[in-house]
Amino acid sequence: MTLRARIVVRRPAFRLDLDLTVGRGEVVTLLGPNGAGKTTALRALAGLIPLTEGSIELDGVRIEREPAERRPVGVVFQDYLLFPHLSALDNVAFGPRCQGRSKAEARARARELLDRMGLAEFSSVRPRRLSGGQAQRVALARALAVEPRLLLLDEPLAALDAHTRLEIRSELRRRLTAFDGATVLVTHDPLDAMVLADRLVVVEDGAVVQEGAPGEIARRPRTDYVARLVGLNLFRGEGDGDRVTVGGLAFAAEERVSGPAFVAFPPRAVALYRTRPDGSPRNLWEGRIDGVERHGDHIRVHVDGPVPVAADVTPAAVAELDLTPGRRIWVSVKAAETHAYPA
Amino acid sequence: MAFLVLPLAGLLIRAPWSTLPQRLAEPQVIEALRLSLVTASVATVVCLVLGVPLAWLLARTDFPGRRLLRALVTVPLVLPPVVGGVALLLVFGRRGLVGQWLESAFGFSLPFTTAGVVVAEAFVAMPFLVIAVEGALRAADPRYEEAAATLGASRFTVFRRVTLPLVAPGVLAGAVLCWARALGEFGATITFAGNFPGRTQTMPLAVYLALETEPEAAIVLSLVLLAVSVVILAGLRDRWVGAAA
């Protein structure tokens, strides 16, 4: 393990307490809503705020008492914070200069890094004349120039527009894979998290609520926040073999599970009927339409009832079934697309 | 408006334009001008050396008594300059708290010397610099300093290579204001440093003195000071104040 940390930061009305381990070359993404404490954790790792309690061990060395300038850490800040009075080259050379290298050496190193980022022709340009994507790459080059063992990125794609974002995201993924130290990345965007992470750590209210491979988390969310992010209906109930009981309803699922369990299914697995359909009473109930909204090329219908669910239907179905808020409607969920797992 | 403009117009109307070149070339005028420029510049340097770190302390650190210090810094701004001169005399005079010690240790006395002029000017002009630089520091984004720290920069390197360049427009504006204030200093200078031609007689002192004997000479000297003020004001408006804001 390269990074092993327990980060505790206490503030009035806020407490952050998380354990974090990151292996060599691994990219761990902290995902969570705004105010969950992700950025605070990153700042604590960088040494910009002190730990209330805990420890940070990097390559077997305790660094939690070292000031920021002595930690082998590189940071890419949310809006990059490139020094406005220095050229791109001197921004990247800043770190090596501080490490005691000569001006010529530092610049040679900076030039090599900018070159690798495909920014050779921008080395004499001031940050304000760089595009968002270019500034992000300069910021990454600047952070890497100090040869850090731990790379921290705070919302590295948040400042980019949707179009550049797509391109920069996969490029960033490539560059992070090439970095052989530990990487911790913070984002509130689930797609960024899924693409960039080897492992996802979901943080809510200052604590880790779920941790695992992106695919695993997308399939088996454990909190409402994660379920919303990955677009699944999620309920907590009691399993007894081949079904899970949630609020008086019995759900048949693919997996057998006993004891406290989660049931998850995608909105497209939900079907709506004006009259009670024939067949199994399982996965079937009557509810009332709460809201209807456009969601990409289909319509998302929110149905209130014993359990509140989201259903995706076609625009044609909306007209045919007269899906207006307040109408009573029958809801059924395909068992084949319903997953159950222990809570 | 008229109240502000009329006196300046009067100065221009009454100016002895025909004899202006000769009067400007008079050794006394040249001497006073030279002394004024030199002392104001040295006073500005003194203010920069003492004032910039002070402004940094006020803007970026928190220590007990910071608010009090901040209030003290602005005292010379509201204090009548003559009172400032008297206060300086009490401290640096031959019998003064520090002056006594300076005299016995180094055989050196500040009052009524050119160095005394510099001290008086710096005392009065310092708040202008400190307030301008502190304002610029507070407006500058401290996260740039954090970014520099994560790149391995020590506190001093951060200050020198990041903070200072970021607040340079503010420092420049402060230094210019400080210089202008020092150039026009009268009360503290005449009280603390006296009025010796060539040694402590700066332009404002020369103006005042000339007014009693040779009003036309006073007008010429005033014109020179007016010209300097206008040039500074124009420069400040167009470049530095705009850049700092």
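Numerical summary
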| read-out | value |
| --- | --- |
| Calculated log₁₀ intensity ratio I(q)/I(0) where the Debye formula runs over C-alpha points of region B:103-172, q = 0.18 Å⁻¹ | -0.74 |
| Burial ordering of A:38, A:334, fewest other beta-carbon atoms within 10 Å first | A:334, A:38 |
| Projected area, mean over directions - region A:233-342, Cα convex hull, nm² | 6.4 |
| Pairwise Cα inverse-distance average, inverted: Kirkwood Rh of region B:1-49 (Å) | 13.5 |
| Between region B:85-140 and region A:256-278, the alpha-carbon center distance in angstrom | 83 |
| Theoretical gain in end-to-end length, residue B:106 to residue B:154 [0.36 nm per residue, Cα-Cα removed] | 13.5 nm |
| Calculated FRET efficiency for the pair residue A:294/residue B:231, C-beta based, R₀ 60 Å, to 0.05 | 0.40 |
| Residue with peak Gaussian network fluctuation, chain B [Cα springs, cutoff 10 Å], from B:64, B:215, B:76 | B:64 |
| Rg ratio (alpha-carbon, reference 2.2 N^0.38 Å) - chain B | 1.15 |
| Cα shape, region B:60-135, gyration tensor, a/c 1.5 rule | prolate |
| Cα gyration tensor shape of region B:99-245, rounded if a/c is under 1.5, else prolate or oblate by comparing a/b with b/c | oblate |
| Cα-based shape type of region A:58-103, given that a ≥ b ≥ c are square roots of the gyration tensor eigenvalues and the cut on a/c is 1.5 | oblate |
| Convex hull of Cα atoms in the protein assembly as shown, direction-averaged projection (nm²) | 40.7 |
| In Å, descending, principal axis extents of the Cα set of region A:260-320 | 35, 27, 18 |
| Counting DSSP beta bridges with both ends in region A:1-151, the antiparallel % (nearest 5) | 90 |
| Simple spin-label estimate for residue B:2 and residue A:70 in nanometres, 7 Å along Cα-Cβ | 7.2 |
| Cα coordinate range in region A:19-150, projected on the principal axes (Å, largest first) | 44, 34, 26 |
| Inter-probe distance in nm under a simple model that places probes 7 Å from Cα toward Cβ, at residue A:24 and residue B:138 | 5.1 |
| Calculated SAXS-style log₁₀ I(q)/I(0) at q = 0.21, 0.23 Å⁻¹ - region A:1-47, Debye, Cα scatterers | -0.76, -0.89 |
| Chain A: translational diffusion in µm²/s, Stokes-Einstein, Kirkwood Rh over Cα pairs, 20 °C, 1.002 mPa s | 95 |
| Debye-sum result for region A:188-271 in log10 I(q)/I(0), which assumes one identical scatterer on each alpha carbon, at q = 0.26 Å⁻¹ | -1.26 |
| Separation of alpha-carbon centers, region A:195-215 and region A:60-84, rounded to whole Å | 22 |
| Helix-only mean residue ellipticity at 222 nm for the protein assembly as shown, each DSSP H run of n ≥ 4 adding -39500 (n - 2.57), per residue, nearest 500 | -15000 deg cm²/dmol |
| Residue order, fewest to most surrounding Cβ atoms within 10 angstrom, among A:295, A:163, A:85 | A:163, A:295, A:85 |
| Sorted by Cβ density within 10 Å, fewest first, the residues A:240, A:297 | A:297, A:240 |
| Centroid-to-centroid separation of region B:1-68 and region A:1-36 [C-alpha atoms, Å] | 56 |
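No value in this document is a laboratory result; all are computed from the given coordinates. Predicted, not measured: the structure shown is a model, and the values here were computed from it. No Cβ is skipped: glycine too gets one built from the backbone with ideal geometry, and neighbour counts run over all protein chains shown.
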